[in-house]
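Every number in this text was worked out from the coordinates using simple rules, so none of it is lab data. Quantities reported herein were computed from a predicted structural model and do not represent experimental measurements. Here the Cβ is made from the backbone with ideal geometry for all residues, glycine too, and neighbour counts use every protein chain on show.
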Amino acid sequence: MATLPVIVVLGEHADDRPSHLEALEGRVELRVTGTAGLAEAMHGAQGLLLWDFFSSALRDVWDQCDALRWVHVAAAGVDRLVFPELAASHVVVTNAHGVFDRPIAEYVLGAVLAHAKQTHPSADLQRRHTWEHRETRSTTGARALVVGTGGIGREIARLLGAVGMQVTGAGRTARTRDPDFGEVVASADLARHAGDVDYLVNAAPLTPATRGLIDAAVLAALPAHAHLVNIGRGESVVTDDLVAALRDRQLDGATLDVVDPEPLPLGHPLWDLPGVVITPHMSGDVVGWRAALADQFVDNAQRWLTGEPLRGVVDTRLGYVPGAGRG
């Protein structure tokens, strides 16, 4: 009897097994483990599912990975996973490309509408039983600059465009006639293009080029009425610079689903700064998201078993899926 290929499933604990894996029964040997058992489980394993998608444990057991050919991470970002030895190897890495695009775009649209229509200040006034008439902003004609032109950034552009906003993208290289953004400016020149932006949205993966990208210079270039929305990675924004800009009223608040450090410590100034809305890294986690991630892994595993092209293949040198969402 032929030996089945082995796929290790790394969960938050040893019994953290995803649902919907029945389609793989009899075709692979699944070894479900937590971090403590990962080194032993990886002996002879050809595949690895990082169900614990924030784990960086693979780096610690790399020397025990004697047969590894494929790693799938149940997340869009791979910054916690990729390390030099993995990037230099022939191991194929795939991610949860596409699963979070629409939910995160809906979150961003909600953040923009909440800011424009003063939803959070209204809630504060209601709690104080205060009737205070105000004027709100229209989204029609408002300008958004979306940093990150992958699948998530493009879905954000489509939804913001649907409510009449003018959306520009920022990516590694500048270009025109982009199908979703029209114009894409170079992320390295972000401060030069931020002067007329109403909403700056960070949807970029964390790479050496995007770490600390939104700094004091970019924040100072924004108009005072601008609002920052961060659903990418907290480390793309220089936290101390953001705190200073908010304290000095250089911008009109921020909606932060990701922060640096994360989770945000008790007593951190971001908790209480005016105009700041903080959510605990949940912008893509709609009801059913774990089932969708499991289904996506099963589809890729079936492709892997039959030699079909895998979906969501990451360029580990770049840190993301090249060309994601274009077309």
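A few points about this structure:
- Whole-Hz couplings from phi, Karplus 6.51/-1.76/1.60, listed for the range 262-269; x for Gly and Pro: 9, x, 5, x, 4, x, 5, x
- The overall shape of the range 217-280, judged from the alpha-carbon gyration tensor, is prolate: a/c is not under 1.5, and a/b is greater than b/c.
- Computed 3J(HN,Hα) for the range 195-200, one whole-Hz value per residue from the Karplus formula 6.51 cos²θ - 1.76 cosθ + 1.60 where θ = phi - 60°, is x, 10, 8, 8, 9, 9, glycine and proline marked x.
- Estimated vicinal HN-Hα couplings, Hz - the range 164-175 in sequence order (Karplus 6.51, -1.76, 1.60; Gly, Pro = x): x, 7, 8, 10, 10, x, 10, x, 4, 10, 6, 6
- The overall shape of the range 101-278 is oblate: from the C-alpha gyration tensor, with semi-axes ordered a ≥ b ≥ c, the ratio a/c is 1.5 or greater and a/b is no larger than b/c.
- Relative contact order (%) - the chain, alpha-carbon pairs under 8 angstrom, separation at least six: 16
- In a DSSP loop and with at most 11 other Cβ atoms within 10 Å, the trypsin sites (Lys or Arg not before Pro) in the range 267-323 are Arg317.
- Computed extension length for Asp189-Arg128: 17.6 nm, one decimal, from 0.36 nm per residue of separation with the Cα-Cα distance subtracted.
- Proximity of backbone amide H atoms, modeled 1.01 Å from N, is registered between Met165 and Gly141 at under 5 Å, excluding neighbours fewer than 5 places apart on the same chain.
- Close amide H pairs (under 5 Å, H built 1.01 Å from N) link Val6 with Glu29, Gln46, Gly47, residues at least 5 positions away or on another chain.
- Extension gain, Asp178 back to Trp289 (0.36 nm per residue minus Cα-Cα distance, nm): 37.0 nm
- For Ala191, neighbours were defined as the other residues whose beta-carbon sits under 15 Å from its Cβ, and their charges (Lys and Arg +1, Asp and Glu -1) total -3.
- Convex hull volume per residue in cubic angstrom - Cα atoms of the chain: 150
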